[in-house]
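A quick write-up on the structure given underneath.
Any read-out appearing in this document is the output of simple, stated calculations on the displayed coordinates, not a laboratory observation. Every value quoted in this text rests on a predicted model; they were computed, and no experiment measured them. Please note: Cβ atoms are built from the backbone with ideal geometry, for glycine as well, and neighbour counts cover all protein chains shown.
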Amino acid sequence: MTIASPVATRSLDPGTVGAFENQNPIPTPDHGVHLAVLPTGSVLSFSFGLPTEMPPLSAPTFTPGSRNSGHAYLWEPRAGNGLEAWAPAHPPVVDPPDGTGEPRPAPLFRAGTAFMSNGTLAVFGGNLANGGKQSGMRTVFTFDPWGRHWYRQADMAVGRWAPTAFRTASGRMGIVGGVDENGVRTDVLEVFPAVSMPLPARAARSITGLPAARRPDRVNRAVRHACALADGWVYLFGELPDEQYRVHADTWRVEPLRPRPESDICCGVVPLPGGPAGPTEVLISGAVATCWRFDVGTQAWHKDSDRASRVDTEAMVVLPDGTVFGVAGGQVELYDPEARAWTVGPSCTRPYENPSTAVLLPDARVLIAGGVPGSMDLYHPPYLFRGERPMIIGPRQDAVSADEPFEIAWSGRPVSRAVLVAPGAATHSVDGEQRHIELRIEPAGPGRLFAYGPPTAAAAPPGYYMLFVLTEDGVPSEARFIWFAG
């Protein structure tokens, strides 16, 4: 694949802080409010607007009727950065219960998203604008990346505008938070598919009517971020200090956590790389300079490092080499988890503020969008300035099982690491899909190694992952998608 040459910003050394590929915003047909990197390598971008609008107009948060329509496109990174690389993938037509009687493409703006274990993207809720109020749809849709088709599932128990969705070690998904169809924040926890239903098989991507199930435990209404960690619990982090919980992946029991010491709003959350057993720490960035870590082993909060940017919208992405990319208000910063230190990088071409989104692409670049109609930026991390990249070659490994070895062949520079990185599903600085798993490896001869699948589903929930191999100095290959059975 040929990637356009990046341009240095100011006098910053791209080998230290990276650089942007573009000097001007790259045009897109969508806002990029929701981004999902699909197991096919395509990127699904969706928000709001009529299908004829490129880019769409302002958000219809309080506008019922035809103006409140869904809008979705697929981008093929290998096809380049022009508008011809985008194809429409608009959601199905529905008649929302907003009293207008105006059917239109489902208004998925402000839905919650997460991947099912079979690789389909689940989309929960959306923008209802009932009575001109901030309010949520009850709808659930799944998108098949291979067939490029939307499928409607059974409605949820409550409407949800801006919920949080997450995948667990059991393969099922949780949905929490958001504003219901009446404009009231909900504390209802739902599980999808319902525990009474079998999980869809890997090839069963055209199922319709799958139900969610309401659970008796409650979760605070303002929870925003979710991280499935190595102890088998999903940790939920809210905007305010006392809005922190954990949910068990099998029993769906909810427990409160110790309040966060910092009183300001929690903006960016990402699980830090934790080795083959999965992540055990979470990095939290807020609207102040100081960052915090939450340690699963001690259930304690620890003050981390300070950073230059302090805004209430931030997108953070774990990169293949374990570095954390952060963009806040258009300013890039890079976090080294071992040194516990931030480095200021280049600035975006525009200030991607609320609702900012960022995702790691299979070619190891970072896509930034959201907040600026019809534009995106492409960032090249420092590892793309360190010479030749290795390449995964040979027969494509389709699936791996827990703790089972599989062979990886490569060409080019010698590699010393293999990692799995979960593809992102991001919106409004929230991405509950992020995960970085360092694989155990053994040499298997010249240009070959054996890697071992993650030891448990708690280390890596079942589903599709991007497999990268890396050189000693952290230069990654392009990814191959691989399915982990859990």
For the range 173-286, max minus min Cα coordinate along each principal axis, in Å, sorted largest first?
44, 44, 23
Between the range 312-388 and the range 248-288, how far is it from one alpha carbon centroid to the other, in angstrom?
20
Where Rh is the Kirkwood radius over the Cα pairs of the chain, the temperature 25 °C and the viscosity 0.890 mPa s, what D in µm²/s does Stokes-Einstein return?
110
Please state the charge dipole magnitude for the range 391-484, taken about the Cα centre, from unit charges on C-beta atoms (+1 on K and R, -1 on D and E), reported in debye and rounded to the nearest 20.
140
Phi to ³J(HN,Hα) by Karplus 6.51 cos²θ - 1.76 cosθ + 1.60 over the range 162-170, Hz, x for Gly, Pro:
6, x, 10, 10, 8, 9, 10, 4, 6
Which whole-number percentage describes the relative contact order of the chain, with Cα contacts under 8 Å and a sequence gap of 6 or more?
15
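Ranking request for peptides 467-476, 104-113: highest mean number of other beta-carbon atoms within 10 Å first, then the rest in descending order.
Per-residue Cβ counts within 10 Å, averaged per peptide and sorted highest first, yield 104-113, 467-476.
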Per residue of the chain, what 222 nm ellipticity follows from adding -39500 (n - 2.57) for every DSSP H run with n ≥ 4, rounded to the nearest 500?
0 deg cm²/dmol
Taking just the alpha-carbon atoms of the range 74-214, what radius of gyration and Dmax come out, in angstrom?
15.4, 46
